[in-house]
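Okay, structure first, notes after.
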């Protein structure tokens, strides 16, 4: 204990003597007013050059994001040029939240962006990678900037709301790099320009535009709304969504949540015959108009079947698109191999040939909840077995 105390005292003395000199504890100290925090970097290719656009803001105070651009032969040199620009503050890249890539640039190939993210001491692999659908990334970044909004702020809002709406999911550079290395394709979130928010001051706002598919490092296409929701269901990224169905003379508004997906390989004659995908979801009744009767068990069972049909439709759409593109962006091969490694393992080498023709049967089960109303206590339908109504209103 005495030796430990003496060592600590000696360390404290060395630190107190070092102060802010070179080699001391605070040798890299910088005033907060001198730093510009970069939150979004937009990347576009212009011929043989790379155009980098940074959206940043001062750490010490609020205000509109500062937009700066630099062009160079590589992304690394373009970002270095951005940091050299005399803008009054030093651009801090280590807290970049999103790399936004223009659609044309993504179609040309994203290897140079992922290579930079993997090796850069500034950009982290956990940085989100997003495709600007229908425009250049720098153009989108500049037009969405105002005193009250920015692409960074829009994506921050989307981070939690996307999986809960069935409209997408943010994927990082690490997600994309790993998926491309393992299966040759990957999913990314896409955003697009939308009409501006009233009194916001920006030329445009930014909205979700479905999932983008990378194949062999290049943008191969975008998924539709149904295909996006189906991909989320099959990959376990689904957190919820609102849906309306028409059933039994009624328009039913529901919130879907608690989704689960089970994927099982089916073998015969020593080979993989098909895969069975079983979906399950909870459907909470939000509103009902028309002649539907949630007190009627047959009506409830029929409504559950209607929701199950919707789930199957979305999942089948995603599977069909995946096979048509010959891109297993849903990771079916890996999942099936984990389920039956001994039986499926010998066929992994032929997965590229098996996948486009593989039959996948999709089934879904739905539990309809919250079917009670003020005239129908919880215990009567879709609620608890015991009647807790008196407890709720007391």
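The values are calculated or read from the model by the stated rules, or taken from the named source; none is laboratory data. Quick caveat: nothing in here was measured; it's all calculated off a predicted structure. Positions of Cβ are backbone-derived with ideal geometry, glycine not excepted, and every protein chain shown enters the neighbour counts.
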So residue 351 clears everything in (1) modelled with pLDDT of 70 or more; (2) under 24 Å from residue 308 (Cβ atoms); (3) surrounded by 14 or more Cβ atoms within 10 Å (Cβ to Cβ) except one condition, right? Which one?
(2)
Quick check: is even one residue across the stretch 301-308 surrounded by fewer than 20 Cβ atoms within 10 Å (Cβ to Cβ) and closer than 20 Å to residue 211 by Cβ?
no
Say we look at the stretch 163-185 and pick out the residues that are touching a strand residue (DSSP E or B) at 6+ places or on another chain (Cβ under 6 Å) and closer than 24 Å to residue 256 by Cβ; which of these is surrounded by the fewest Cβ atoms within 10 Å (Cβ to Cβ)?
164
Checking the condition under 20 Å from residue 54 (Cβ atoms) and touching a strand residue (DSSP E or B) at 6+ places or on another chain (Cβ under 9 Å), which residue from 156, 246 passes?
156
Selection over the stretch 249-276 where residues are assigned to a strand (DSSP E or B), out of contact with any strand residue (DSSP E or B) (no Cβ under 7 Å at 6 or more places or on another chain) and either without any contact (Cβ under 8 Å) to a residue 24 or more places away in the chain or within 24 Å of residue 188 (Cβ to Cβ) (or both) yields a count of 1
Examine the stretch 50-65 for a residue that is touching a helix residue (DSSP H, G or I) at 6+ places or on another chain (Cβ under 6 Å), in a loop (DSSP other than H, G, I, E, B), modelled with pLDDT under 80 and within 23 Å of residue 128 (Cα to Cα), and state whether such a residue exists.
yes
Could you please give the count of residues in the stretch 228-244 that are part of a strand (DSSP E or B) and buried (at least 16 other Cβ atoms within 10 Å of the Cβ)?
3
Can you pull out the residues in the stretch 309-336 that are crowded, with 20+ Cβ neighbours inside 10 Å, touching a strand residue (DSSP E or B) at 6+ places or on another chain (Cβ under 8 Å) and outside any helix (DSSP H, G or I)?
327, 328, 329
Unmet criterion (only one of (1) touching a helix residue (DSSP H, G or I) at 6+ places or on another chain (Cβ under 9 Å); (2) modelled with pLDDT of 95 or more) for residue 204:
(2)
Conditions (1) at pLDDT 95 or above; (2) within 20 Å of residue 204 (Cα to Cα); (3) surrounded by fewer than 18 Cβ atoms within 10 Å (Cβ to Cβ) -> residue 108 fails only (2)
Among the residues of the stretch 205-223, what is the count of those that are over 15 Å from the mean Cα position of the chain (by Cα), surrounded by fewer than 22 Cβ atoms within 10 Å (Cβ to Cβ) and at negative phi?
4
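Among the residues of the stretch 118-138, which ones are in a strand (DSSP E or B) and within 12 Å of the chain's Cα centre (by Cα)? Steps first, answer last, please.
Of the stretch 118-138, the ones in a strand (DSSP E or B) are 128-132.
Result: 128, 129, 130, 131.
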Specify the residue that is farthest from the chain's Cα centre (by Cα); the eligible residues are those in the stretch 148-158 that are surrounded by fewer than 22 Cβ atoms within 10 Å (Cβ to Cβ) and either free of Cβ contacts under 8 Å to residues at least 24 places away in the same chain or not in a helix (DSSP H, G or I) (or both).
148
Which of the residues that make up the stretch 360-384 are part of a strand (DSSP E or B) and modelled with pLDDT under 90?
369, 373, 376
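Could you tell me which residue of the stretch 186-216 is farthest from residue 55 (Cα to Cα), considering only residues that are in contact with a strand residue (DSSP E or B) (Cβ under 8 Å, 6 or more places away or on another chain) and assigned to a loop (DSSP other than H, G, I, E, B)? Can you show your working first?
Filtering the stretch 186-216 down to residues in contact with a strand residue (DSSP E or B) (Cβ under 8 Å, 6 or more places away or on another chain) leaves 186-197, 204-216.
Remaining after also requiring assigned to a loop (DSSP other than H, G, I, E, B): 195-197, 204, 216.
Working: 195: 20, 196: 18, 197: 19, 204: 15, 216: 29 Å.
That would be 216.
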